[in-house]
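The values are calculated or read from the model by the stated rules, or taken from the named source; none is laboratory data. Because the structure is predicted, anything quoted here is derived from the model rather than measured. No Cβ is skipped: glycine too gets one built from the backbone with ideal geometry, and neighbour counts run over all protein chains shown. Side chains are part of the model used for accessible areas, which takes the heavy atoms of the whole protein and leaves out ligands, DNA and RNA. Shrake-Rupley method; radii C 1.70, N 1.55, O 1.52, S 1.80 Å.
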Amino acid sequence: MTATADRPVSSATPEPRRALRRTRRGPKRPQGAAALTATTIKYASLIIASLFAVVPLATIFMLAFKTDREQRMTGPLTPPSNWFNFDNFVVAFDQGGMVTGFLNTAIILLVSVAGTILIGTMSAYALDRFRFRGRKLVMGLFLLATLVPSVTTQVATFQVVSALELFNTRGAAILLFMGTDIVAIYIFLQFMQSIPVSLDEAAMLDGANRFTIYWRIILPLLKPAVATVVIIKGIAIYNEFYIPFLYMPSQDLGVISTSLFRFMGPFGAQWQIIAAGTILVIIPTLVAFLFLQRYIYNGLTSGATK
């Protein structure tokens, strides 16, 4: 009896201890059939989504290597008899105006992306570093511009382009591509907020003016944001159809997308030629995305978290 009385009494009963361990370990994971069902549904949904994306591309890819007789006599998922039949690509490239399309696209893309970077970085620098009356109003108008569908303003935009005598010229597409990318300004703003103002103050003490600070200090530090905007904007311009089709109707000013659209004229019944032209358009974008996707993701995430 004495030994039992002298034994120290535990401060916590076994039940609360078990509850505390369960709390620390977190909720129980589903076991057995429930876990297997959840895993099956997850992977089945991923496979189905992948098929929706891959099957159309595979159909176009196989059709591009088929002859005219094969595309009429075989099914869409039937492989071609000769995987080295490049005649369709030769016809699409030579007779479809693809050379002119690639050249016009390259000119518009280079000038538009360069202008977007200059305008976007300068705008972001002014909005982040300067305090002026109406600054919040300007930010609100930028946000409002992203919410307004561009199609609703095309009548006014077309009138402005015509008044500037830019219709049916490359300048129309270049002007519209440079002046409508509000998203680029917000990306640059996110990165700009991570650059300390003390760098500007130190440069001003050394006698640098605002433009020197922007050009020699701010712009080099915005390289991750610039890379992100170059990739996103470049792919968007490369795939754009509406603006070149509306403002550059001349066949000599055709870009990749409009040149491919005009295939429906001379090659309306030759789907294998159209498929070959589609593959020629897809390949540069696919290669660029595969090699530069990590820069896209890293640029977007670092700009969002800094």
- Item | Evaluation of Ala106 against (1) under 20 Å from the mean Cα position of the chain (by Cα); (2) open to solvent by 60 Å² or more (accessible area, probe 1.4 Å); (3) not hydroxyl-bearing (Ser, Thr, Tyr) (one fails), failing number | (2)
- Query: Is it the case that Ser162 is over 24 Å from the mean Cα position of the chain (by Cα), open to solvent by less than 60 Å² (accessible area, probe 1.4 Å) and within 30 Å of Pro249 (Cβ to Cβ)?
  - Reply: yes
- Spot the failing condition for Trp215; the list is (1) assigned to a loop (DSSP other than H, G, I, E, B); (2) open to solvent by 60 Å² or more (accessible area, probe 1.4 Å), and only one is missed. (1)
- Got a number for residues in segment 165-181 being in a helix (DSSP H, G or I) and open to solvent by 70 Å² or more (accessible area, probe 1.4 Å)? 2
- Task: Say whether the condition of being open to solvent by 60 Å² or more (accessible area, probe 1.4 Å) and over 27 Å from the mean Cα position of the chain (by Cα) is met by at least one residue in segment 95-102.
- Result: yes
- Query: Which numbered condition trips up Phe142, out of (1) closer than 30 Å to Thr212 by Cα; (2) crowded, with 19+ Cβ neighbours inside 10 Å; (3) in contact with a Ser or Thr (Cβ under 9 Å, 6 or more places away or on another chain)?
  - Reply: (2)
- Message: I'd like the full set of residues that are over 28 Å from the mean Cα position of the chain (by Cα) and surrounded by fewer than 14 Cβ atoms within 10 Å (Cβ to Cβ), limited to segment 182-204.
- Response: Pro196, Val197, Ser198, Leu199, Glu201, Ala202, Met204
- Message: When you scan segment 103-115, do you find a residue that is of a type outside the set (Val, Ile, Thr), farther than 30 Å from Ile187 by Cβ and touching a residue at least 60 places away in the same chain (Cβ under 8 Å), even just one?
- Response: no
- Note on the structure: Note: among Arg72, Arg133, Arg129, just one is farther than 20 Å from Ile279 by Cα, without any contact (Cβ under 8 Å) to a residue 24 or more places away in the chain and charged (D, E, K, R), namely Arg133
- Query: Within segment 119-139, how many residues are surrounded by 12 or more Cβ atoms within 10 Å (Cβ to Cβ) and not small (Gly, Ala, Ser)?
  - Reply: 10
- Message: I'm trying to understand the selection: among the residues of segment 54-67, which are assigned to a helix (DSSP H, G or I) and either surrounded by 14 or more Cβ atoms within 10 Å (Cβ to Cβ) or among the small types (Gly, Ala, Ser) (or both)?
- Response: Ala58, Thr59, Ile60, Phe61, Met62, Leu63
- Residue match in segment 77-86 (condition: open to solvent by less than 70 Å² (accessible area, probe 1.4 Å), in a loop (DSSP other than H, G, I, E, B) and touching a helix residue (DSSP H, G or I) at 6+ places or on another chain (Cβ under 8 Å)): yes
